[in-house]
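Scroll down for the structure; my scribbles are underneath it.
Bear in mind these aren't lab numbers, they're just calculated from the coordinates by the rules spelled out. If you're wondering where the values come from, they're calculated on a predicted model, not measured in any experiment. Cβ coordinates were reconstructed from backbone atoms using ideal geometry, including for glycine residues, and neighbour counts include every protein chain displayed.
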Amino acid sequence: MFKTFHFAFFLMTSIVLAASGAKANDTGLYGKALDPNSSFVRVLVGKTTAVRIASKVFPQLENGVSPYIVVSPSTIDVAIGDKEGSVDAKPGKFYTIVLNQSDDLSVIDDQIAVNPAKASLSFYNMSDVTALDFYVPQAKANAVSALASGHAQTVQLKAPLTLDFSAMANGAAQATVQKVLLERGSGTSIIAESRDGQFMLRSVRNEIAR
């Protein structure tokens, strides 16, 4: 409880200081109005591979994260390499499809609420670490605590802000991403992964393919 309050207080203070330098025409990745009756589906994978979302094909998804594809609410077919599955997409919802530890497709409901005054920040634990804390050094507190492997959590923050994030396990930093810019109306993903026995942490700006 204390850490949650501490983190929120830090953000409120930072926003006051940052707002004076923000441009009045600050725009984010979700800048254009989104159809509330559409659904948004993307793929997150820790390797270079072919991906298909509905009829949209990415022959080589080099950075491991596709843009969100705008689809009509329905059962949407998805393929990652030779793995196939589907998501029951609901209106106004964002979904990320991942390969889980069993090498099967899993659906994550991203819980993104697009707000032109805030930034969406999604944390993903795609690593083999059982649970991770995502720590903000500037706030000396966790943004997200005990995020289980294979799961994600999204928070909404007032913006603009520039923050560092460390993935922590048992009180020890596994990796850190620095100077992550959070802008109004934008979305960012902080992704923890295990690749070839190495722990990796990266930030990716969310995009929507229109």
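Name the aspartates and glutamates eligible as straight-distance cross-link partners of K140: C-alpha to C-alpha under 16 Å, and not fewer than 8 places from it in the same chain.
Answer for K140, where 16 Å is the Cα cut-off: D164, listed by chain and number.
For region 36-110, what D do you get in µm² per second when you plug the Kirkwood radius from alpha-carbon pairs into Stokes-Einstein at 20 °C and 1.002 mPa s?
Values: Rh = 12.0 Å.
The calculation lands on 178 µm²/s.
Aspartates and glutamates near K90 by alpha-carbon distance under 15 Å, same-chain residues fewer than 8 away left out - which ones?
D35, D77, D109, D110
Tell me which of V98, P59, G85 sits at the most positive position along the dipole axis of region 36-110, charges placed on C-beta atoms (Lys, Arg +1; Asp, Glu -1).
Checked the options; the winner is P59.
Only four residue types carry charge here, +1 at the Cβ of Lys and Arg and -1 at the Cβ of Asp and Glu. Report the dipole size of region 36-110 about the Cα centre in Debye, rounded to the nearest 20. Spell out each step's value before the answer.
Working: 7 positive and 9 negative charges, 48 e Å.
Rounded to the nearest 20 debye, it is 240 debye.
Of the listed pairs K83/K118; K158/K179; K56/K83, which have alpha-carbon separations greater than 25 Å here?
From K83/K118; K158/K179; K56/K83, over 25 Å: K83/K118.
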